[in-house]
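Let me begin by presenting the structure, written as structure tokens, before commenting on it.
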Amino acid sequence: MSRRLRAALVLLVLVAAAGASAPSAADTAAAPQPGETAVSATAATAAAATSTTQHAGTAAATQTAGSDIRLETSLSLTPERPGEITVRLRFAPPDRVTSLTTTIDAAATVVSSQGFDRVGGARYEWDGRTATPTLTYRLPANRTSASGRFDAAATPGRTATPGQAAPSAAAATQQYLLADAGPWAIVSIPWPAAQWRYTGATVGLERRTVVDGAGVVGTRLAFLGEHRVVERTASGQTFRLVVPAAADLREQPDDVLASLASASAALRVGDRDPVVTMIAAPTSVDWAVRGLQVGEADAWVRADERLSTADNPWLHEYVHTRQSFATTNRTKWVVEGSADYYAALLTLRQDRIDFERFAANLERGSRQPYSGVVLADPETWVSGAQYLKGGLVVGVLDRRIRLASDRSHSFGSVFSALNGRDDAVTQSAFLAAVAAAGNDSVAAAADRFTTTTAAPEMWTQAEHEAAFGALPARVGYTLPEVGRVSGVARNETVRPPFLLAAGETLRLPVEVVNDGGAAGEYRVALAVDNRTVDVADGEIQPETATTVTLSHRFDEPGQYRVELRGRSYVVRVREPATPTVASVTANRSTVRPGGAVAVTATVANDAPVPAVGDLPVTVDGDRLRTESVAVAPNGSVTLRAVVAFDEPGTHRVAVGNRSTTVTVQEPTAATSTRTPGFGAVAGALAVLLCGLVGAANAKRREK
């Protein structure tokens, strides 16, 4: 919930209630005729009336075989009239119903009626002849923080269009709790009142809501518009995450559902609804709050909200769905206080925040202006007091109950006891539940922190672990800013985007840190173009760090996308360059027969990738051997050989396309050229070459 508009949550009851057009004083049931029974939907809803929901295009369950009145409420967008939706009520009364009236919202504008006559105000009466009477009307959909009521003049995201007036200045500054933006809408489901007379056995009212077009309905909240639904089932609950096409969801849908599933398992307080519907609200609307829970198990949360925050709105709204208790004026702080606390605690348990962030969030309740309020007296509240001081008080009671009961109970025990009550939770009932979970001393502290301005202090991490046990593992990852490339020509650090030659291997180091209080597991996967090519996993002890390295050899030229825990790197792979012989020299130009010279060849590479190739070594055109060379980017290597000559004359010694000449004087009878030890020397050169790749005489620059 928005910290700047905490008071807006008080409007939650209005949001839920305004969807039902409560009967006026004139709507009370008339005296039944002989053989008839009169009933009002206000009284019947709890007993006989039911509500079923469905996705667009699917059939809703039928619970009776014609013995009850069936009411189908169909909702549709009106893109040409932003701020309004169209509602069609279609009744199917059984033969035993002798009269039927319905009362719709006073702000509605009826556009068509079949089988209904208006009898006053927003009340319509069935003619008794039409088998399926219908009533179609336009209904203002926007609810603002200023009034909590529909405001047809305020249209979220609306600007002046041809033929339309621009919104007023007052409307432009509105902040919304529910809204119809034109192509999409988040609205409360209309709940018109109904009265009827019947003969014979009891006749109830069966309700279902559908969407005419794309949309999703929950129990009391509906989304209209293009969307996708992602679901997950856990702990007996099905979580439906509605992602509108107009929303840019900041978190991955699976991560949101995983967080909700984890919270469902951890929060053992009863009252798990079979289906929880969460809508990721598009942020083009100026929402008054970060999230809003409506009815029993429906909520919306701004699509840009994060999970890794101590005031996690996804979990805050989920906790509200687990609260089935009613409160009095003196205990209504518990609603938001417990939601705020458990949102932080569950996020801590899910390893999404550390203890410092958890503590900093709760500690705000111990400071002014929140610390000076009396939670049991709402007239003393400042905006947000029930959240901040309330959350801290719930946390302190949770810790004290755990200590007093040797961890056999917690504030969850209190929560569960409140959910089990049929009547509203009074201050004495709240204190009794605290005493039962902890002891009288904890209950006395609860009384002091709620009925006076006394504010508790935040506890330390050591105190937390003494009451809650060791903090869970908190495994984090530091992704590399640089990589290391290796091959026949180099073994060096490179920066992204990475440029490699075919046949080289890229290695990426990842630091794994566990800041938590227990051992944890880690898993790091390296993917190339969405295909996993290397994985490192294992267990890491608390308060330790380790580095794991993942690697992949790229054998084919091309451009690749490498992913490592959500981070992407670009890798470009080229064919190796061709090595170039820059010069060939001999240590002397003349020798006597039988003498030897040392021949030196400098091989260079001006390319940004390694050069790899074979260079022939020849004397007077005769190949003596072939040298395989590999040169680092923008570097050079040196080849050396000793050549001995017996035959007099001028001889050309070449390496690749470069050569030098050696003259042999004082000819002898011998006519052959010999290269004593050249093969051995040349063989050694290949070993020497590898050693020279990283030598100081290699010229290179980092790319």
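Each reported figure results from applying straightforward, stated rules to the coordinates on display, with no laboratory input. The model shown is predicted, which means the values in this text are computed figures rather than measured ones. Here the Cβ is made from the backbone with ideal geometry for all residues, glycine too, and neighbour counts use every protein chain on show.
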In nm, what is the difference between 0.36 nm times the number of residues separating ASP537 and THR585 and their Cα-Cα distance? 11.9 nm
Taking amide H positions as placed in the peptide plane 1.01 Å from N, state which residues far from ALA501 in sequence (5 or more) or on other chains have amide H under 5 Å from it. ARG574
Give me, ordered by chain and number, the residues 5 or more places off THR580 or on other chains with an amide H under 5 Å from its own placed amide H. ALA604
From the phi angles alone, apply the Karplus equation (6.51, -1.76, 1.60; θ = phi - 60°) to region 504-521 and give each ³J(HN,Hα) in whole Hz, x where the residue is Gly or Pro. 8, 10, 9, 10, 10, x, 10, 8, 10, 10, 10, 8, x, x, 9, 5, x, 9
What FRET efficiency would be calculated for the residue pair ALA360, GLU511, taking the C-beta separation as r and a Förster radius of 30 Å, to the nearest 0.05? 0.75
So what is the relative contact order for region 572-656, in percent, with contacts set as C-alpha pairs under 8 Å and at least six apart? 35 percent
I'd like the Karplus ³J(HN,Hα) series for region 537-548: coefficients 6.51, -1.76, 1.60, θ = phi - 60°, whole numbers in Hz, and an x wherever there's a Gly or Pro. 9, x, 10, 10, 6, x, 6, 10, 9, 8, 10, 10
Measure off 7 Å from each Cα along the Cα-to-Cβ vector at ARG640 and THR661, then give the distance between these two points in nanometres to one decimal. 2.6 nm
So if I take the centroid of the Cα atoms in region 575-637 and the same for region 333-347, what is the distance between those two points in Å? 74 Å
Between VAL382 and VAL110, what is the label-to-label distance in nm when each label sits 7 Å out along the Cα-to-Cβ direction? 5.1 nm
When ranked by the protection proxy of mean other Cβ atoms within 10 Å per residue, highest first, what sequence do the peptides 385-394, 573-582 form? 385-394, 573-582
Can you tell me the order of 500-506, 74-80 when each peptide is scored by its average per-residue count of other Cβ atoms within 10 angstrom, highest first? 500-506, 74-80
With an 8 Å cut-off on Cα pairs and a minimum separation of 6 or more residues, tell me the relative contact order of region 388-514 in percent. 21 percent
Does region 357-468 come out rounded, prolate or oblate, given a ≥ b ≥ c as the square roots of the eigenvalues of its C-alpha gyration tensor, rounded meaning a/c under 1.5 and, failing that, prolate meaning a/b above b/c? oblate
By the mean-Cβ-within-10 Å protection proxy, highest first, 541-549, 487-495 rank as 487-495, 541-549
The simple spin-label model distance between ARG228 and ARG565, using points 7 Å out along Cα→Cβ, in nm, is 2.6 nm
Rg over Rh [alpha-carbon atoms, Kirkwood Rh] for region 354-400: 0.99
Would you grab the residues whose amide H sits under 5 Å from the one on ARG330? Only those 5+ places off in sequence or on another chain, please, with H modelled 1.01 Å from N. none
Set the Förster distance to 41 Å, then compute FRET efficiency between ASP622 and ARG553 from the Cβ-Cβ distance, nearest 0.05. 0.60
Region 393-410 - phi-based ³J(HN,Hα) in whole Hz, Karplus 6.51/-1.76/1.60, Gly and Pro as x: 5, 4, x, 4, 5, 4, 5, 5, 5, 4, 5, 5, 9, 6, 6, 7, 9, 8
Full-extension gain in nm, ALA519 to THR134, via 0.36 nm per residue minus C-alpha separation: 132.3 nm
Using the 2.2 N^0.38 Å rule of thumb for compact globular proteins, work out how region 570-625 stacks up: its C-alpha Rg over that value, please. 1.61
Hydrodynamic radius of region 184-300 per Kirkwood, over alpha carbon pairs, in Å: 16.0 Å
With a Förster radius of 25 Å, plug the Cβ-Cβ distance of ARG421 and THR453 into 1/(1 + (r/R0)^6) and report the FRET value to the nearest 0.05. 0.35
